[in-house]
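Worksheet: the structure to be examined is printed underneath.
FYI, it's all coordinate maths here, none of it is from the lab. This is a predicted model, so every value here is computed, not measured. FYI the Cβ positions are ideal-geometry reconstructions off the backbone, even for glycines, and counts take in every protein chain you see.
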Amino acid sequence: MTTKNNLQGDIDNAIGQFHQQDEEIFQWTKQWYPVAVVDFLDPSRPHAVQLLGKDLVVWRDNLGKWSCFEDFCPHRLAPLSEGRVESDGTLLCAYHAWRFDAQGNCVSIPQSKDEQTASANCSNPKSCAVSYPTQERQGLLWVWAESGQTAQLESQLRTPRIIPELEDESLQVKHLFWNIRDLAYGWDFFMENVADPAHVPVSHHGIVGDRYKDAKYYDMPCIKQISTQEGFAFEITPTAPTIKQAIHDFQPPCHMKIVSTSVDGGKLILALYATPTRPGWCRHIGCQVLVKNESGKIPKGLGIFGLPMPTWLGHVLSSLFLHQDLVFLHYQQKILAKRQNNRWLDAVYTPNPQDKMVITFRQWLEKKAGGSIPWAGGESSNLSAAELDKQKLFDVWTTHTQHCSVCQDALKNIKRLYVLAYGLAAIFLCVGVIIDARAIAVKAALASVNHLPIPLLTVLPPIGFWWAFAGATLFAVVGYLLKKLSRLFYVYEFEHAHND
């Protein structure tokens, strides 16, 4: 058992180490990382996540607390993410039904000889799951990237890179939906991309800006000098006439905060996170925060994404934006990886001031953070081969929908609606056929009784048929559009060559 003096000593050592960190290389594992949006997780089951090359599992107990373990059972190393959350609030391994509480303690081993043996085995530290500190802040689930008692102490000394404006009660803010997506390029290329506002009107032509009109010169003066722990910040000048100031603020390990202050005092904040999951991949979590000015006016959001809409629709439409630079970023990192003997600055040509922040980011990574992420278990940082079939990069189901309970529920409802629409279309069509057949039969009978030829009008369907046909057509079109919408939960393809 740890004594009070030993505990205080651990705390003092942890504080001392943190005070020295800015003079040292950035410590990747002594940080908080967002791994999920809480509202998008299904609390009835465990969820596999990755962080710095570690396979982890997050789950919620019956008290509403989210926990994070390494994703293996200490018994035979089966993944706990394939297990169950039981009604008593424990996580059950699906292999032999070992159970774990929120702290990682093993509380049940059913195959034990008797209760005394089970208790002894559960008390053995080897039976425990490897637990990581977690916390919920601003709707995100944060995980500290180290486990153990020291990690519990150190994690309490650092605050996650939250959005301060959401904590400031004196401000009137509108927090738009969180989005989350696994991206087929690394954390560093995500940060390089969002540190480069010059690409926005070109890559995101038609959504944010125009590649022919808005790709203009501007400067980027540094307003926060490069720091190991605090990153750096740059200002854009000149800005658009409606913008008073635009600042990009990189906050290690994985946050880029972009603040645009309008001339009337309102602010648009883009909070962009990119959690390093495994080599060549990152998990992006982001949102917009609109801060009202003194008169209560809300600034405009980012294109269509600033409009009021259901969360699931925002997620679906985000593919329109994210896939515009997805493919070339995926291949860009592969091209750079082939030039491993060259420093980044030696491999590229960056003559314009718009590249200042990108250059500074690469300098921070090289000089302040050891050049690369130390992936867990000595995992190689070598990337897998580039995806030759780029259509596979447009997979939305694997990179988002399967992880988002909100989108899964919306998809189920949309499927029900388009099945209903097709069903109603078939019913209306059948009704129309029946109406037409009955009209023909009646007219034929009357003509036969009166020994008259069937009138020409009998050949044409009656008005009731056309109403039924119109209803069938309408519901068929609605069903088709809903089915086409449902496809966006699975895949969205994009080509710049076709984006006129």
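What's the Kirkwood radius of the range 126-259 in Å, using all Cα pairs?
Values: mean 1/r = 0.0554 Å⁻¹.
Hydrodynamic radius (Kirkwood, Cα pairs) of the range 126-259 is 18.1 Å.
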Item to check | Proximal lysines to Lys113, defined as alpha-carbon separation beneath 20 angstrom and excluding residues fewer than eight positions away on the same chain | outcome: Lys126
Next on the checklist: I'd like the distance between the alpha-carbon centres of the range 478-495 and the range 21-67, rounded to an integer number of Å.
Outcome noted: 31 Å
Next on the checklist: Along the Cα→Cβ direction, 7 angstrom out, place labels at Leu388 and Asn105. What is the inter-label distance in nm?
Outcome noted: 5.5 nm
Item to check | Alpha-carbon centroids, the range 385-399 and the range 218-251: separation in whole Å | outcome: 33 Å
Next on the checklist: Using the Karplus curve 6.51 cos²θ - 1.76 cosθ + 1.60 with θ = phi - 60°, what ³J(HN,Hα) values do you get for each residue of the range 348-365, in whole Hz, with x for Gly and Pro?
Outcome noted: 10, 10, 10, x, 9, x, 5, 8, 4, 6, 5, 4, 5, 4, 5, 5, 4, 4
Checklist entry - What nm distance separates the two modelled labels at Ser372 and Leu171, each placed 7 Å from Cα along Cα→Cβ? => result 3.8 nm
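So how do 319-329, 462-472 stack up, highest first, on mean other-Cβ count within 10 Å? Present the calculation step by step, with values, prior to reporting the outcome.
On the way: 319-329: 19.9, 462-472: 16.3.
The most tightly packed comes first, giving 319-329, 462-472.
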Next on the checklist: Taking 0.36 nm per residue of sequence separation and subtracting the Cα-Cα distance, how much length would be gained by fully extending the chain between Leu417 and Ser295, in nm to one decimal?
Outcome noted: 39.7 nm
Next on the checklist: Report, in listed order, any pair from Lys216/Lys368; Lys213/Lys367; Lys30/Lys367; Lys216/Lys300 with a Cα-Cα distance greater than 28 Å.
Outcome noted: Lys216/Lys368; Lys213/Lys367
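Hey, what number do you get for the chain at 222 nm if only DSSP H runs of n ≥ 4 count, each worth -39500 (n - 2.57), divided across all residues, to the nearest 500?
Details: 11 runs with 158 residues, N = 500.
Rounded to the nearest 500, the figure is -10000 deg cm²/dmol.
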Next on the checklist: Give the separation of the Cα centroids, the range 266-287 to the range 342-361, in Å.
Outcome noted: 22 Å
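Listed here are the pairs Lys244/Lys356; Lys257/Lys338; Lys338/Lys392; Lys54/Lys334; Lys54/Lys338; Lys257/Lys297; which of them are more than 29 Å apart at the Cα? Please report the intermediate quantities before stating the final value.
On the way: Lys244/Lys356 21 Å; Lys257/Lys338 31 Å; Lys338/Lys392 22 Å; Lys54/Lys334 22 Å; Lys54/Lys338 25 Å; Lys257/Lys297 22 Å.
Among Lys244/Lys356; Lys257/Lys338; Lys338/Lys392; Lys54/Lys334; Lys54/Lys338; Lys257/Lys297, the Cα-Cα distance tops 29 Å for Lys257/Lys338.
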Item to check | Neighbour cut-off at most 14 other Cβ (10 Å), DSSP loop, GluC sites (Glu not before Pro), the range 175-270 | outcome: Glu230
Item to check | Stretch gain in nm, segment Arg487-Ile335, where the contour uses 0.36 nm per residue and the Cα spacing is subtracted | outcome: 51.6 nm
Item to check | Estimated translational D of the range 270-406 in µm²/s (Stokes, Kirkwood radius over Cα pairs; 10 °C; 1.306 mPa s) | outcome: 87 µm²/s
Next on the checklist: Given an 8 Å cut-off on Cα distances and at least 6 residues of separation, report the relative contact order of the chain as a percent.
Outcome noted: 14 percent
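Ranked highest first by average number of other Cβ atoms within 10 Å, how do 396-407, 176-187 line up?
Numbers: 396-407: 19.2, 176-187: 22.5.
Going by the mean number of other Cβ atoms within 10 Å, highest first, we get 176-187, 396-407.
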Checklist outcome for this item: Relative contact order as a percentage, the range 132-197, C-alpha pairs under 8 Å and 6+ apart, gives 20 percent
Checklist entry - Semi-axes of the equivalent ellipsoid of the chain: what are they in whole Å, largest first, if each equals the square root of 5 times a C-alpha gyration tensor eigenvalue? => result 51, 35, 21
